[in-house]
Amino acid sequence: MNRNLQLFSIAPKSVANKKVDKDELLNEDEKNFYKIVCRRCESVFFPEGAVRYIKAEKPIDLRVMTHQGKGEPGYEKISWWWYTEDDMAFDTIGWQTINRKKYLMCGDCELGPVGVRSEDNKRFWVAVERCKYIGGDDR
Ligand SMILES: [Zn+2]
């Protein structure tokens with residue numbers, strides 16, 4: 001579609017919002033090149049190079065973000081994730097349980113969900129498009 005072509009032709013100056021170019025976000029090890037921070041308060045979720053990028057074979061439904069998970073928002077399908085099995089990889093993160101599912105949210109301002117964690121608390125996924133990216137080599 002023409003629309004996509006146009007989006008790709010825009011200079012990738014800001015990766016802070018919705019449209020992220022994943023190639024811009026990765027280092028040589030397929031890990032995050034930038035610091036991954038909360039979109040709202042810029043609290044750091046992950047330092048540089050902490051988490052691996054994966055594309056889910058099947059998109060996962062994730063509630064639309066709200067402050068403190070209030071209200072009855074809809075869901076959106078998310079395919080791009082930052083993935084880790086190490087809870088020490090996180091700098092700051094909060095979590096909440098909604099309908100027995102475990103969600104990750106900002107540990108400071110409680111914006112979320114930004115991701116999910118597995119039942120056994122050993123695996124974590126953070127939605128690439130729900131984060132903001134800072135640092136790296138400032139362009
Ligand atoms: Zn925050």
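The values are calculated or read from the model by the stated rules, or taken from the named source; none is laboratory data. As the structure is a prediction and not an experimental result, all values here were calculated from the model. So basically every Cβ, Gly included, is an ideal-geometry build from the backbone, and we count neighbours across all protein chains shown. These area figures cover heavy atoms from the full protein model, side chains too; ligands, DNA and RNA do not enter into them. Shrake-Rupley method; radii C 1.70, N 1.55, O 1.52, S 1.80 Å.
See the values below:
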read-out	value
Criterion: open to solvent by less than 30 Å² (accessible area, probe 1.4 Å) and within 19 Å of Arg39 (Cβ to Cβ) - qualifying residue of Ile134, Ile78, Ile93	Ile78
Pick from the range 96-108, criterion in contact (Cβ under 8 Å) with a residue 12 or more places away in the chain and assigned to a loop (DSSP other than H, G, I, E, B), ranking: nearest to Val37 (Cα to Cα)	Cys106
Test: residue in the range 36-47 that is away from the ligand (no atom under 13 Å from the Cβ), under 14 Å from the mean Cα position of the chain (by Cα) and either among the aliphatic types (A, V, I, L, M) or modelled with pLDDT under 95 (or both)	no
Positions within the range 41-65 being open to solvent by less than 50 Å² (accessible area, probe 1.4 Å) and without any contact (Cβ under 8 Å) to a residue 24 or more places away in the chain, in sequence order	Gly49
Among residues of the range 96-124, those that are away from the ligand (no atom under 16 Å from the Cβ), more than 27 Å from Glu24 (Cβ to Cβ) and open to solvent by 40 Å² or more (accessible area, probe 1.4 Å), counted	9
